[in-house]
Amino acid sequence: MSSKRIPQTTAHVRITRQSWQNGLLEGEVKAGEFEWQFRWHFRQGELSITPSQGRALIKEPLSRFLEQKDYELEPGGDYIFTIRASL
């Protein structure tokens, strides 16, 4: 039996803007050495992340987090989730 642990990184999310009328949630996410700004158009299911560096590492886990927690997220709120990868 292997004792290797699955690498994990904690991602920190801050919601900076929310507009139910426009179906929009904006914020920033930090994980490891990376920091991104995101814009989620939840009615269309479209998530845009800038800058592009490292975007492939965060897009899927951030999308899952936002979809699971969407009604709990509020502007000014700080949230965390775990990524199964080392960033």
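No lab work stands behind these numbers, since they all come straight from the coordinates. This is a predicted model, so every value here is computed, not measured. For neighbour counting, all protein chains shown are included, and Cβ atoms are generated from backbone atoms with ideal geometry for every residue, glycine included.
Considering only residues that are in contact with a helix residue (DSSP H, G or I) (Cβ under 8 Å, 6 or more places away or on another chain) and over 17 Å from ARG17 (Cα atoms), which ones fall in the stretch 33-65?
Narrowing the stretch 33-65 to residues in contact with a helix residue (DSSP H, G or I) (Cβ under 8 Å, 6 or more places away or on another chain): 34, 36, 38, 40, 42, 47, 49.
Across the stretch 33-65, the qualifying residue is only PHE34.
Does GLY54 fit the bill of being surrounded by 12 or more Cβ atoms within 10 Å (Cβ to Cβ) and at positive phi?
On the way: surrounded by 12 or more Cβ atoms within 10 Å (Cβ to Cβ): yes; at positive phi: yes.
So GLY54 fits the description; yes.
Out of contact with any Asp or Glu (no Cβ under 9 Å at 6 or more places or on another chain), without any contact (Cβ under 8 Å) to a residue 40 or more places away in the chain, surrounded by 11 or more Cβ atoms within 10 Å (Cβ to Cβ) and not basic (Lys, Arg): which single residue out of LEU73, LEU66, LEU62, LEU47 fits that description?
Details: LEU73 fails: without any contact (Cβ under 8 Å) to a residue 40 or more places away in the chain; LEU66 fails: without any contact (Cβ under 8 Å) to a residue 40 or more places away in the chain; LEU62 fails: without any contact (Cβ under 8 Å) to a residue 40 or more places away in the chain.
The conditions single out LEU47.
Just the residues that are among the basic types (Lys, Arg) and farther than 11 Å from LEU73 by Cβ, please, taken from the stretch 1-16. Steps first, please.
Within the stretch 1-16, the first condition is being among the basic types (Lys, Arg), and the residues that meet it are 4-5, 14.
Passing the criteria: LYS4, ARG5.
Of the conditions (1) surrounded by 12 or more Cβ atoms within 10 Å (Cβ to Cβ); (2) in contact (Cβ under 8 Å) with a residue 12 or more places away in the chain; (3) within 12 Å of the chain's Cα centre (by Cα), GLU35 clears all except one; give me its number.
With respect to (1) surrounded by 12 or more Cβ atoms within 10 Å (Cβ to Cβ); (2) in contact (Cβ under 8 Å) with a residue 12 or more places away in the chain; (3) within 12 Å of the chain's Cα centre (by Cα), GLU35 is out only on (2).
Under the condition of being among the polar types (S, T, N, Q) and part of a strand (DSSP E or B), which residue from the stretch 4-41 is farthest from LEU66 (Cα to Cα)? So that I can check it myself, show each step before the final result.
To start, the set of residues in the stretch 4-41 that are among the polar types (S, T, N, Q) comprises 8-10, 16, 18-19, 21-22, 37.
Filter again for part of a strand (DSSP E or B), leaving 9-10, 16, 18-19, 37.
Numbers: THR9: 17, THR10: 15, THR16: 14, GLN18: 13, SER19: 15, GLN37: 14 Å.
The residue in question is THR9.
Could you tell me how many of the residues in the stretch 1-25 are crowded, with 16+ Cβ neighbours inside 10 Å and within 12 Å of the chain's Cα centre (by Cα)?
Residues flagged as crowded, with 16+ Cβ neighbours inside 10 Å and within 12 Å of the chain's Cα centre (by Cα) within the stretch 1-25 amount to 4.
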